[in-house]
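Q: Below you will find the structure I want to go over with you.
The values are calculated or read from the model by the stated rules, or taken from the named source; none is laboratory data. Remember, it's a predicted structure, so these values are computed and weren't measured experimentally. We place every Cβ from the backbone using ideal geometry, glycine too, and count neighbours over all the protein chains shown. The accessibility values were calculated without ligands, DNA or RNA, using every heavy atom of the protein model including side chains. Shrake-Rupley method; radii C 1.70, N 1.55, O 1.52, S 1.80 Å.
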Amino acid sequence: MAKSKQSTQLLLCPTPAALIACSSGKEQNIIPLAWVGVVNSSPPMVSIAVRPNRHSYKMIKQTGEFTINIPREDQVDVVDGCGTASGRDLEKFEHFNLTPVNGALSSAPMIKECPISMECTLKHSLELESHTVFIGQVVSSYVEEGVLDEKGSIDFERCSILGFCSGNYLKTAPLNLKLGYTLKK
Ligand SMILES: Cc1cc2nc3c(=O)[nH]c(=O)nc-3n(C[C@H](O)[C@H](O)[C@H](O)COP(=O)(O)O)c2cc1C
C-alpha cells in the first residue's frame, strides 16, 4: 500500500513509558519519560531526554543519579498521573502509593511496584534545543521474581510492558520468537 507523506514527526514507536525516579537528598520525585534509549553495551548505558523546566531535571543534574523503572500495562494510571503533575506540587511516591527502595545509589530510589528497575549514574549531558539528553551508566538491574521464567530470563507474557508513541499509550505483546530463530528454519 502507498505511504502518504505526513508532517515531520517523531514516529519511533513504541518506546517504553518509563518511570524515572530521582532525589535531591531531601525530596524524592518521579517523572515518566518515553524518550529513553539504549546507547552502549559495555559498559551498559542509556539515554533519557528531559526538558530543563521539569522539576526532576535539577535533581538529576545535581546528584548525577536516576533510576529507570519499567511499569506494566496495568500501571498506566500511575504513569499518566505522574506525568500530568509536577513534584513541585505533589509528593508522587505518597500520592500514588509507590514505595521507594534504595539500592546501590546514594540518593535516587527505585520504585518497588515496577517489575524492572535499573540504577544509573550520570556520565554525560548534551543540551539540545528543547531537551537535555542525559547519558547514564546502568550500575545495577533488578527484575521482580514473578516475571522470571525457570531459566531466569524475563518472561514478557508475565509483565506486559507499557509502550508509548505520539501521545498514545500502547500495549506491547511478545511474539515468542528469539533472536536468530530464522537461522533454525
Ligand atoms: C508517557 C509520558 C511520557 C513522557 N515523556 C517525556 C520525555 O521523554 N521527556 C520529558 O521531558 N517529559 C516527558 N513527559 C512529561 C513529564 O513526565 C511531565 O512533564 C511531568 O509532570 C514532569 O514532572 P516533574 O515536574 O515532577 O519532573 C512524559 C509524560 C508522560 C505521561
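Q: Hey, PRO32 hits all of (1) part of a loop (DSSP other than H, G, I, E, B); (2) free of Cβ contacts under 8 Å to residues at least 60 places away in the same chain but one; which does it fall short on?
A: (1)
Q: Can you tell me how many residues within the stretch 12-45 are open to solvent by 70 Å² or more (accessible area, probe 1.4 Å) and within 8 Å of the ligand (Cβ to nearest atom)?
A: Final tally of qualifying residues: 1.
Q: Here's another thing I want to ask about it. Would you check which residues across the stretch 48-85 are open to solvent by 30 Å² or more (accessible area, probe 1.4 Å) and either free of Cβ contacts under 8 Å to residues at least 40 places away in the same chain or at positive phi (or both) and list them?
A: Within the stretch 48-85, ASN53, ARG54, HIS55, LYS58, GLN62, ASP77, THR84, ALA85 meet the criteria.
Q: So, one more: Just to be sure I understand, how many residues within the stretch 35-57 are assigned to a loop (DSSP other than H, G, I, E, B), among the polar types (S, T, N, Q) and under 16 Å from THR132 (Cα atoms)?
A: 1
Q: Any chance the stretch 164-172 includes a residue that's touching a His at 6+ places or on another chain (Cβ under 8 Å), of a type outside the set (Asp, Glu) and within 17 Å of LEU33 (Cβ to Cβ)?
A: No, that holds for no residue.
Q: Let me ask something else. Can you find even one residue in the stretch 131-143 that is in contact with a Leu (Cβ under 6 Å, 6 or more places away or on another chain) and among the small types (Gly, Ala, Ser)?
A: yes
Q: Six or more apart or on different chains, Cβ under 7 Å: which pairs go from a residue in the stretch 133-145 that's acidic (Asp, Glu) to one that's at pLDDT 95 or above and part of a loop (DSSP other than H, G, I, E, B)? Could you list them?
A: Listed pairs, sorted by first residue: GLU144/PRO115.
Q: Quick one: count up the residues across the stretch 86-109 that are more than 16 Å from the ligand (Cβ to nearest atom) and either in a loop (DSSP other than H, G, I, E, B) or buried (at least 19 other Cβ atoms within 10 Å of the Cβ) (or both).
A: 7
Q: Pairs, please: C-beta under 8 Å, at least 6 apart or cross-chain, first residue touching a residue at least 12 places away in the same chain (Cβ under 8 Å) and in the stretch 96-118, second aromatic (Phe, Trp, Tyr) and assigned to a strand (DSSP E or B)?
A: These pairs meet every condition: GLY103/TYR142; ALA108/PHE66; MET110/TYR142; ILE116/TYR142; SER117/TYR142; MET118/TYR142.
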